Amino acid sequence: MIKNSINIKNLINESENSLQQQFTELEDICHHNQKKVLDAFLENKVSPEHFATVSGYGHDDMGRDVLDKTYADVFKAEAAIVRPHFVSGTHTLACALFGNLRYGETLLSVAGRPYDTMEEVMGLRGNKRASLIGHGVIYDEVPLKNGLYVDLEALEQKMTTNTHMALIQRSRGYSLREPITMELMKKIIDIIKSKNPNCICFVDNCYGEFVQKTEPLEAGADLIGGSLLKNPGGGIVEAGGYIAGKKEYVEQSAMRLTAPGIAGDGGAMLNQSRLIFQGLFMAPSITKDALKGALLTAKIFENLEIKTSPTSTCTRADIIQAIEFGAPEPLKSFCLALQKASPVDSYLTPIPDDVPGYDDKLIMAGGSFIEGSTIELSADGPLRAPYVAYMQGGLNYHHVKIALERVLPQLIAQ
Ligand SMILES: *Cc1c(COP(=O)(O)O)cnc(C)c1O
């Protein structure tokens, strides 16, 4: 895969040197987003008493209310709900979907098939009765153009006055399709609203937070949701998710998480508030470092004439870096070497295995402090052509760079 004659140290340094312009742009985005987050903390007078915890029903939890308001301000929302009680990103998004869709209403997925775990929420596979389709929701999707791009013409044709909600997945997820930049997001939402101003534009914001200077609500979306084990958790939040947007839709989602009548007004925060505040505060710079690591990875593999997506010159819209190895062995070697360069579980060997719901075996690498955290450096890929590794995260740029220093020699002469 890599020729023996290549000097890896030079390759990494030259790749890094050629990225200075892009790194400067990322610093600028980070500065902008850090200011936005700091100002939300000031505006909401975040103080130590908001870190204290209450027990039981969690009534009168001041910290919880201030946390919601701080998130709402950062994401330019009327309201937000930020909770450790969301067990994952999937659960968070499911609350927003079930909370806002009723029997006979139509959900349209704008960017083709949604993220793998969301297929079961929709009812495209798995337990149908428990799914949205099982609850009478009509699901439809706009197929991708050439399997890679959002098809705006087809979206315009599919949208009707009966489309109750549109699901817009910002990130590529584990596919080679392009993530949605805020510029494209605005175009998509404008098309949806021109066909039906009442359609709820709901953005799956996973992996997208703080990658650009604006967020989907600023492009006209009505509701967003994401996981605290990804960008907005800043690598330190132990569990949870957030939903933000129009008050009415956030409330409907909250009632799905808890119960009608309780919505966001109950739920003890179990001593997680300080971590969630602090994670949000760290999120812009953690996301920036993950992006710098992704860019370096793209540049190095491009210099080796291995296909990457996005390329090192694209505008980034999420933190995922895909590397197309074209053969199973280098994909496995890449994951093994990455595992060996992880701070936790470095001695484990990732082995391709069956994962429920996937046709092909999957290989996963990542030794993270928080189980399953993918804002920490991690990679995975299905064992099928074109043998793509999807890499993301990195709590600091130097860790990603060191990992690459150790991964690349393992790819020599494969
Ligand atoms: C991670 C992710 C999800 C699901 O989040 P989990 O925490 O893995 O359940 C949904 N959509 C996208 C785009 C994601 O990246």
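The values are calculated or read from the model by the stated rules, or taken from the named source; none is laboratory data. Small disclaimer: the values here were computed from a predicted structure and weren't measured. Glycine also receives a Cβ, built like all others from the backbone with ideal geometry; neighbour counts cover every protein chain displayed. In case anyone asks, the SASA skips ligands and DNA or RNA and just uses the protein heavy atoms, side chains included. Shrake-Rupley method; radii C 1.70, N 1.55, O 1.52, S 1.80 Å.
Output the number of the condition that ALA72 fails; it satisfies all remaining conditions of (1) under 16 Å from VAL250 (Cα atoms); (2) touching a helix residue (DSSP H, G or I) at 6+ places or on another chain (Cβ under 8 Å).
Failing condition for ALA72: (2).
Would you check which residues across the range 6-25 are open to solvent by 70 Å² or more (accessible area, probe 1.4 Å), of a type in the set (Asp, Glu) and closer than 19 Å to LYS288 by Cβ and list them? It would help to see each step written out before you state the result.
The initial filter retains those residues of the range 6-25 that are open to solvent by 70 Å² or more (accessible area, probe 1.4 Å), namely 7, 9-10, 14, 17, 20-21, 24-25.
Filter once more, keeping what is of a type in the set (Asp, Glu): 14, 25.
GLU25, the sole residue that qualifies.
Count, please, the residues in the range 26-73 that happen to be acidic (Asp, Glu), at negative phi and exposed (fewer than 15 other Cβ atoms within 10 Å of the Cβ). Spell out how you get there, then give the answer.
Applying the first criterion (acidic (Asp, Glu)) to the range 26-73 yields 27-28, 39, 43, 49, 60-61, 65, 68, 73.
With at negative phi added as a condition, the list becomes 27-28, 39, 43, 49, 61, 65, 68, 73.
This time we only want the ones that are exposed (fewer than 15 other Cβ atoms within 10 Å of the Cβ), so: 27-28, 39, 43, 49, 65.
Count: 6.
Mind checking whether some residue in the range 161-183 is more than 16 Å from the ligand (Cβ to nearest atom), modelled with pLDDT of 95 or more, of a type in the set (S, T, N, Q) and open to solvent by 10 Å² or more (accessible area, probe 1.4 Å)?
Yes: one or more hits.
What single numbered condition from (1) buried (at least 24 other Cβ atoms within 10 Å of the Cβ); (2) within 21 Å of the chain's Cα centre (by Cα); (3) not in a helix (DSSP H, G or I) fails to hold for ILE276?
Tallying (1) buried (at least 24 other Cβ atoms within 10 Å of the Cβ); (2) within 21 Å of the chain's Cα centre (by Cα); (3) not in a helix (DSSP H, G or I), ILE276 fails exactly one: (3).
How many residues does the range 107-123 hold that are away from the ligand (no atom under 11 Å from the Cβ) and surrounded by fewer than 18 Cβ atoms within 10 Å (Cβ to Cβ)?
Narrowing the range 107-123 to residues away from the ligand (no atom under 11 Å from the Cβ): 107-110, 112-113, 122-123.
So of that shortlist, the ones also surrounded by fewer than 18 Cβ atoms within 10 Å (Cβ to Cβ) come out as 113.
Qualifying residue count, the range 107-123: 1.
In the set VAL150, VAL203, which member is more than 26 Å from PRO386 (Cα to Cα), under 21 Å from the mean Cα position of the chain (by Cα) and not acidic (Asp, Glu)?
Numbers: VAL150 fails: more than 26 Å from PRO386 (Cα to Cα).
Only one candidate passes the filter, namely VAL203.
From the set of residues in the range 53-93 that are among the hydrophobic types (A, V, I, L, M, F, W, C) and without any contact (Cβ under 8 Å) to a residue 60 or more places away in the chain, which is nearest to the ligand (Cβ to nearest atom)? Spell out the reasoning first.
Within the range 53-93, the subset among the hydrophobic types (A, V, I, L, M, F, W, C) is 54, 62, 66-67, 72, 74-75, 77, 79-82, 86-87, 93.
Applying the additional criterion that residues be without any contact (Cβ under 8 Å) to a residue 60 or more places away in the chain yields 62, 66.
Details: MET62: 28, VAL66: 25 Å.
That would be VAL66.
If the Cβ limit is 6 Å and pairs must be 6+ apart or interchain, which residue in the range 342-356 that is without any contact (Cβ under 8 Å) to a residue 12 or more places away in the chain pairs with which residue that is not charged (D, E, K, R)?
Taking only residues 6 or more apart or on different chains, the pairs are VAL355/LEU362.
If I ask for residues that are within 15 Å of the ligand (Cβ to nearest atom) and surrounded by fewer than 20 Cβ atoms within 10 Å (Cβ to Cβ), which ones from the range 134-160 would you list?
Restricting attention to the range 134-160, the residues satisfying the condition of being within 15 Å of the ligand (Cβ to nearest atom) are 141, 144, 150.
GLU141, LEU144 - these are the residues of the range 134-160 that are within 15 Å of the ligand (Cβ to nearest atom) and surrounded by fewer than 20 Cβ atoms within 10 Å (Cβ to Cβ).
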